[in-house]
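The block underneath contains the structure these notes are about, expressed in structure tokens.
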Amino acid sequence: LADEAQARFTAAVDAAALEEARVAFLGAKAGKLRQSQKGLGKVPPADKPAAGKRFNEVKTLVEAAFEGAQARLTSGETSSGEAFDVTLPGKARRIGHLHPITQTIRSMKEIMGRLGFTAVEGPEIEDEWHNFEALNIPLVHPARDPLDNFYLGGENAAAEAASPLLLRSQTSTVQIRVMESTPPPVRIISLGRVYRPDTADATHYPMFHQIEGLLVDRGVTMADLKSVLRLFCQSYFGGDNEVHIRFRPSFFPFTEPSVEVDMNWQGGWMEMGGAGMVDPNVLRAVGYDPEEVTGFAFGLGVERVCMRQHGITDIRAIYQNDVRFLEQF
Ligand code: PHE
């Protein structure tokens, strides 16, 4: 009986078949063990101890065989009886990654670092000296209009305070901070947030990022500016294609001459930001001698570069934090 049970248990390929075999042998009412236990009653009294002992031995063997078969099935099979394929790939955990703007910033820092520019940071809350005054933007200049800037402390407080603070409207503030604290030569970039009270649309957002570049040394010219920007764009976008830079005459209070910077793109031109030769007034404001050194500065829109790189058509998508959008980068 024990051998027979062992064979049946071993042959069971799933939990249902094993249960059937268990009922056949170990079933409390009609199992084969129960049957032979009943048969013990008919054994002559003299033989009863030996027969009882033998019954218990067989019972132990059958139970052990069942437990063995059960262990074999549960280790290799799911409870539904389906085979468990240990070669299936595991469930991948969803992990996050860097925001597209962060990726753009990192790669810009890396490229400009190779060109010898050190990345520095400046505060996002600025005073009027660094955001305007030292940048040759006088008190009467329209760029200082309270409606075009995020002044802190409410309208009255801003008007009354001797030195009102504002969220910086450009990273050019960092030019001043660096030159104030370092003698020439300087060769820096600064990447960070700037704020302007624009209504958000496909191309505007009240907060965006700029990459500011500043190089001041003896004999720096506009040709240096153009070649640095060209090298930068070539490294960032170029691949196998040659990248061209175009300057259009423009005006900024802190550069003279000033230009708008365009980059060739898909048969046309893409505007990237502003640049120029650092105005002598700015050099004087930070204690540099414009007869000794000259410099160039540029300020490019980080979102713009990121959008063109990935074909993003609406700047608002970058800041909506929709994972379906962010997952793509
Ligand atoms: N600060 C200018 C802007 O915000 C860009 C700029 C930077 C222009 C440096 C010239 C030199 O538009």
Dimensionless Rg/Rh of region 239-329 - Kirkwood Rh, Rg from C-alpha atoms: 1.12
Label-point gap, in nm, between Gln103 and Val23 - each point 7 angstrom along Cα→Cβ: 6.0 nm
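Considering the convex hull of the alpha carbon atoms of region 157-312, report its projected area averaged over all viewing directions, in nm², one decimal.
That works out to 10.8 nm², a quarter of the Cα hull's surface.
Could you calculate the contour length gain from Asp314 to Gln328, that is, 0.36 nm times the residue separation minus the distance between their Cα atoms, to one decimal place in nm?
That pair, Asp314 and Gln328, stretches by 3.6 nm at full extension.
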Charged-residue dipole, Cβ positions (Lys, Arg, Asp, Glu), the chain about Cα centre, Debye nearest 20: 2660 debye
Calculated FRET efficiency for the pair Ala83/Glu57, C-beta based, R₀ 56 Å, to 0.05: 0.95
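Can you give the local net charge around Met207? Use residues other than it whose beta-carbon is closer than 15 angstrom to its beta-carbon, Lys and Arg +1, Asp and Glu -1.
On the way: positive: Arg168, Arg193, Arg196, Arg304, Arg316; negative: Glu124, Glu126, Asp148, Asp198, Asp201, Glu303.
Result for the local shell: -1.
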On Cα atoms only, tilt of 172-181 relative to the major axis of the chain in degrees: 80 degrees
Built amide H within the under 5 Å cut-off of Trp265, gap 5+: Met270
Cα-based convex hull volume of the chain per residue, rounded to whole Å³: 276 Å³
List Trp269, Trp129, ordered by accessible area with a 1.4 Å probe, largest first: Trp269, Trp129
Angle between the chain longest axis and helix 48-76 axis [Cα atoms, degrees, rounded to 10]: 20 degrees
Contour excess over end-to-end distance, with Cα ends at His141 and Arg284 and 0.36 nm allotted per residue: 49.5 nm
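I'd like the projected area of region 1-127, averaged over all directions, using the convex hull of its alpha carbons. Report it in nm² with one decimal.
Numbers: hull surface 72.1 nm².
Approximately 18.0 nm², given one-decimal rounding.
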Computed over region 189-249, Cα set: Rg, Dmax in Å: 15.1, 43
Diffusion constant of region 88-229 at 10 °C, which comes from Stokes-Einstein with the Kirkwood Cα-pair radius and 1.306 mPa s, µm²/s: 91 µm²/s
The chain - mean residue ellipticity at 222 nm from DSSP helices (-39,500 (n - 2.57) per run, n ≥ 4, rounded to 500): -11500 deg cm²/dmol
Share of carbon and sulfur in the accessible heavy-atom surface of the chain [1.4 Å probe, %]: 54 percent
Stokes-Einstein D in µm²/s, Kirkwood radius over Cα pairs - region 22-80 at 37 °C with 0.692 mPa s viscosity: 253 µm²/s
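The values are calculated or read from the model by the stated rules, or taken from the named source; none is laboratory data. Note that the structure is a prediction, hence the values are computed from the model and not measured. Here Cβ is always computed from backbone atoms with ideal geometry, including for glycine, and neighbour counts include all displayed protein chains. When the accessible area is computed, the model is the full protein with side chains, heavy atoms only, and any ligands, DNA or RNA have been set aside. Shrake-Rupley method; radii C 1.70, N 1.55, O 1.52, S 1.80 Å.
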